[in-house]
1. Please work out which residue is farthest from residue 13 (Cα to Cα), limiting yourself to segment 71-97 and to residues that are out of contact with any helix residue (DSSP H, G or I) (no Cβ under 9 Å at 6 or more places or on another chain) and aliphatic (A, V, I, L, M).
2. Do we have any residue at all in segment 60-71 that's basic (Lys, Arg) and farther than 20 Å from residue 104 by Cα?
3. Would segment 86-102 turn up any residue that is open to solvent by less than 50 Å² (accessible area, probe 1.4 Å), modelled with pLDDT under 95 and in a loop (DSSP other than H, G, I, E, B)?
4. Under 8 Å between Cβ atoms, which residue pairs at least 6 apart in sequence (or on different chains) link something in segment 99-114 that is closer than 13 Å to residue 10 by Cα with a partner that is open to solvent by 60 Å² or more (accessible area, probe 1.4 Å) and among the basic types (Lys, Arg)?
5. Hey, can you tell me all the residues within segment 13-58 that are open to solvent by 20 Å² or more (accessible area, probe 1.4 Å), farther than 13 Å from residue 80 by Cα, outside any loop (DSSP other than H, G, I, E, B) and in contact (Cβ under 8 Å) with a residue 40 or more places away in the chain?
Amino acid sequence: QVQLVESGGGLVQPGGSLRLSCATSGFTFSDKGMNWYRQAPGKQREWVAGISRSGGSTSYADSVKGRFTVARNNTKNTVYLQMNSLKPEDTAVYYCHVDTTSHWGQGTQVTVSS
C-alpha cells in the first residue's frame, strides 16, 4: 500500500524559509520520479517542482524558480522541498506526488503572512 506523508508546513513571515518533507512507503522509491504540487484557496492545484528517479534532474515552475529546491534521499525514501524567500502568494496546501501515478499525500499547509 502506497503511503505519502508530508510534514514541515506552518506559518512563516514573508522572506522566511520552510523545508517540507514527504516520507514514502509501499513502492520502490528509487524507481519513480517525484513531484510537488500546491493548491491555494479557490485555485486549481498547480505543479511546483519535479525530480528524477536518481535526483540528477530537477525542474521548477517559473513562479518558484530560484527560490525553491527539490531534493531526495533514496536511502530514506523521502523527497524534500526547500522553500526560501517565501511570499504571501506561496500560501497553499503542498502535496507530494508519485510521477505517472495517482498517488498523492494528504498535504501540508504553508501560510506566508506577517
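The values are calculated or read from the model by the stated rules, or taken from the named source; none is laboratory data. Owing to the predicted nature of the structure, the values given are computational and were not obtained by experimental measurement. Methodologically, a virtual Cβ is constructed for each residue, glycine included, from the backbone with ideal geometry; neighbour enumeration extends over all protein chains shown. These area figures cover heavy atoms from the full protein model, side chains too; ligands, DNA and RNA do not enter into them. Shrake-Rupley method; radii C 1.70, N 1.55, O 1.52, S 1.80 Å.
1. Result: 71.
2. So in segment 60-71, the residues basic (Lys, Arg) come out as 65, 67.
Retained after the next criterion (residues that are farther than 20 Å from residue 104 by Cα): 65, 67.
Yes: segment 60-71 contains one or more residues that are basic (Lys, Arg) and farther than 20 Å from residue 104 by Cα.
3. Scanning segment 86-102 turns up at least one residue that is open to solvent by less than 50 Å² (accessible area, probe 1.4 Å), modelled with pLDDT under 95 and in a loop (DSSP other than H, G, I, E, B).
4. If the second residue must be open to solvent by 60 Å² or more (accessible area, probe 1.4 Å) and among the basic types (Lys, Arg), the pairs left are 112/87.
5. Within segment 13-58, 25, 30, 39 meet the criteria.
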